[in-house]
Structures are given as C-alpha cells and as structure tokens.
Amino acid sequence: MQTSVHSRNYSSHIHQARKRILVAGGAGFLGSHLCEVLLEAGHEVICLDNFSTGLTRNIARLNHSDAFNIVAHDIVLPIELEVDEIYNLACPASPPQYQSDPIHTMKTCVIGSLNLLELAARTGARILQASTSEVYGDPHVHPQVESYWGNVNPFGPRSCYDEGKRCAETLFFDFHKTHHVEIKVVRIFNTYGPRMRPDDGRVVSNFVVQALTGQDITIYGDGSQTRSFCFVDDLIDGLIRMMASSASLTGPVNLGNPREFTIGELAEQVIGLTGSRSKIIHRPLPADDPRQRRPDITLAIRELGWRPNVELASGLMQTIDHFNRLFTRTAPDLAGAI
Ligand code: NAD
Ligand code: UDP
C-alpha cells in the first residue's frame, strides 16, 4: 500500500489490537482518508459505499492491500457482516449534493442509520455516527456547545440533511438506551482537504478550483457569513480518538476548528495562496444559509485530548496541491464541472 501524498501526523492513539472495521461511506472525501489511516494502523477495513458522491479513485491505492475490501451497497438496504467497529460516514455532505435527491438523503440518514445500528446490535460492534454542525441549524448560541438544541427549519432546502442527521442522533441514543449498543456521536464542523471532488459544491473546493482555473470566485451573499474550517487530517484523528474513548463517552462531541473566518476572508486567502487573477463575484445567498458557525471544543479537548493543529493557510496549500495534481494528471476540463 502506498502512503498518502500529503504528510500526516497522527497520534499514537490508534488502537493496538487488529480489528475488522466497517467504514460506511468509505469512498468519500472523509471516508477514504479514514480507511487509509485504519489500514496503516494494521486493521482490516471494509469500505461500504453506494458511490453516489464517492469515487473509486479515492480508494484505488488501498486496493493493493489484502486487508482492504470494497462492498458496493446502499445503507438504505439492510446488510449482514461480521465486524468489530462501524463508522457511519455514508451520506452526501455538500448542500447541492444532498439537496439533489432530498428523499434519498433522508432515507440514508434515517433508514441507513437504523440498518447500521441493527448490525451493531447484532454483532456487538461499537458504532460511530458522523453527525454534523448542521444539527445546530442557523444557531442563536455562538460558539456552538453540545448542549445547544439548535435552530433548524423542518421543511426548508437543508432539512433533508439537518433533520435527517438529528433523527439519526435520536436513533443512536435510543439504541444505546434500549439495546445497550456502544455508540459514539460526533458533530463535525466544515472539514476540507485533498480528495474533495472538483464538482463537490462546498465552498473550499469551489474557491480553489475557481482560483486555479481562472474562473470567477462565487461568494454567495455579501461574504460576511462565517464558517470554521478544519483540515481533514485533524478531523480523522478526532474520529479515531472518539472511537477509542471509554465506553461511557457517547457524545455528542463537537469536532472542528474553532478559528472562525468570513467567507470573504476565505476567498481572499485562496486568491493570495494561488496567486490567481480570478475576480470575486457575488451570487444570491441560498435559503436558510447559516449566518455563523464555530465549534466550542472544550469537551473534545477534555475527553479526547484532541484539538486541531493545522492552520488554514497550510491546509489550503495541501488542498491546492491536490487540485493542481488532479488537473495536471487528468484534464483541465475536469475543473469545468462547477
Ligand atoms: P462525501 O459526500 O465525500 O462522502 C459521503 C460518502 O458516502 C460517499 O462516498 C457516498 O458515495 C457515500 N454514500 C452516500 N449515501 C450513501 C448510501 N445511502 N449508502 C452508501 N453510501 C453512501 O462527504 P464527506 O465530506 O466525506 O462526509 C462524510 C460524512 O461526514 C457524512 O456523513 C457527512 O454528513 C459528515 N460530515 C462531513 C462534514 C464535512 O465538512 N466534510 C461536516 C459534517 C458532517
Ligand atoms: N459558499 C459560497 N460560495 C460557494 C459555495 C459556498 O459563498 O461557491 C458559501 C455558502 O453560502 C455558505 C458557506 O460558503 O455560507 C459554506 O458553504 P458550504 O456549502 O461549504 O457548507 P455549509 O453551508 O454546509 O456550511
């Protein structure tokens, strides 16, 4: 197995005993990095994916390992496997992607989580849910603490994802109470890095691709809305620490970078780091776009000894390198997808 193209600095926190680990959504952006790190730690990894937003090229390098298996499957359908741990990352995360088939997004969040929880109950596997900062909606509490119940529109364009993920959390906690399943719920805040798709639609990949290809940089609204951007390596370290934490820690635990930027500041950073001559244009703000978002990570620091280490400029440079290599290796028209 080849190593990753960008350097990683993971904690020695990774489990020692070899386990059989299911990564649902393993061909996606986060899932493929997680599969890679788990394999490097000596585990057997089953990557389950319906390839709706995931890509075979994300996991192509892992296929050389005997300890890596790919199962093409949609979690909306039940599955029978023997596993020790389950990471549920299966769900499109980009607003344009999860809104393109909102009913399937809701089914993925609810029926998909139910199927994986039933698998966990039957096998005794510990199961981690990739929940999201979207459960806080357009938050009235800032920064967001885990005890905040959120401000979510139940029938807007983002609802299939926000309410789906909220319902999934409910299912996780009810399986824990009713069937004593060992659950781990993390709420992930905006995470970016290599292996995002050029046509993903989220802000970091959009801006980087636009900057590298000389297209206009599309700020939605006036750019004063904020997000807090976490680099993928930091996030994966947090997921692994959470899975390895004591059984009593169910979460929810926020995982994200507490440095907050306006979208306008992000655009300026991307232009500066790429040396691009792209100009900034403004497009209408999508409905229900959250005004601000920043995690309170006190709980993650205390319970997991976790905090992000990668500064935005450094993470953006690694992401820019990724897209540069992708466009050089394939064809510049790949970039035309956004
Ligand atoms: P992604 O779209 O790159 O990955 C999702 C993966 O799940 C893809 O490989 C996709 O093909 C697969 N998938 C989708 N629906 C499926 C289904 N029904 N059955 C099987 N596979 C399915 O997104 P990502 O950024 O890697 O996000 C991974 C997880 O983390 C998601 O659950 C997302 O909600 C959560 N999350 C991500 C972020 C972030 O900023 N990246 C933030 C909050 C939460
Ligand atoms: N955004 C933007 N231009 C883009 C894509 C997104 O200005 O090309 C904005 C979007 O309106 C939001 C922020 O960037 O305010 C983050 O969007 P993203 O889709 O990455 O994540 P989410 O809204 O789910 O946090």
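Computed from the coordinates by the stated procedures, all read-outs in this text should not be read as laboratory data. Note that this is a predicted model, so its numbers are computed, not measured. Please note: Cβ atoms are built from the backbone with ideal geometry, for glycine as well, and neighbour counts cover all protein chains shown.
From the set of residues in region 211-251 that are within 14 Å of ligand 2 (Cβ to nearest atom) and surrounded by fewer than 17 Cβ atoms within 10 Å (Cβ to Cβ), which is farthest from Pro286 (Cα to Cα)?
Across region 211-251, the extreme among qualifying residues is Asp216.
Considering only residues that are of a type in the set (Val, Ile, Thr) and either farther than 24 Å from Ile297 by Cβ or touching a strand residue (DSSP E or B) at 6+ places or on another chain (Cβ under 7 Å) (or both), which ones fall in region 164-202?
Result: Thr178, Val181, Ile183, Val185, Val186, Ile188, Thr191.
When you scan region 42-71, how many residues do you find that are near ligand 1 (Cβ under 9 Å from one of its atoms) and either in a loop (DSSP other than H, G, I, E, B) or without any contact (Cβ under 8 Å) to a residue 24 or more places away in the chain (or both)?
Looking only at that region, the number is 6.
Name every residue in region 91-128 that is within 16 Å of ligand 2 (Cβ to nearest atom) and surrounded by fewer than 22 Cβ atoms within 10 Å (Cβ to Cβ), in order of residue number.
Ser94, Pro95, Pro96, Gln97, Gln99, Ser100, Pro102 - these are the residues of region 91-128 that are within 16 Å of ligand 2 (Cβ to nearest atom) and surrounded by fewer than 22 Cβ atoms within 10 Å (Cβ to Cβ).
Given the conditions (1) polar (S, T, N, Q); (2) farther than 22 Å from Ile297 by Cβ; (3) within 16 Å of ligand 2 (Cβ to nearest atom), which single one is not true for Ser131?
(2)
Take the conditions under 18 Å from the mean Cα position of the chain (by Cα) and away from ligand 1 (no atom under 16 Å from the Cβ) and apply them to Arg325. Does it pass?
no
Tell me the residue from Leu299, Leu285, Leu326, Leu316 that is in contact with a Leu (Cβ under 6 Å, 6 or more places away or on another chain), among the hydrophobic types (A, V, I, L, M, F, W, C), outside any strand (DSSP E or B) and in contact (Cβ under 8 Å) with a residue 60 or more places away in the chain, please.
Result of the check over Leu299, Leu285, Leu326, Leu316: Leu316.
Considering only residues that are crowded, with 19+ Cβ neighbours inside 10 Å and either farther than 28 Å from Lys184 by Cβ or of a type in the set (Gly, Ala, Ser) (or both), which ones fall in region 292-321?
Within region 292-321, Ala300, Gly315, Leu316, Ile320 meet the criteria.
Here's a check for you: in region 191-223, which residue that is part of a helix (DSSP H, G or I) and among the hydroxyl-bearing types (Ser, Thr, Tyr) is nearest to the chain's Cα centre (by Cα)?
Ser205
Which of the numbered conditions does Arg166 fail, given that it passes all the others? Conditions: (1) on the phi > 0 side of the Ramachandran plot; (2) part of a helix (DSSP H, G or I).
Unmet condition: (1).
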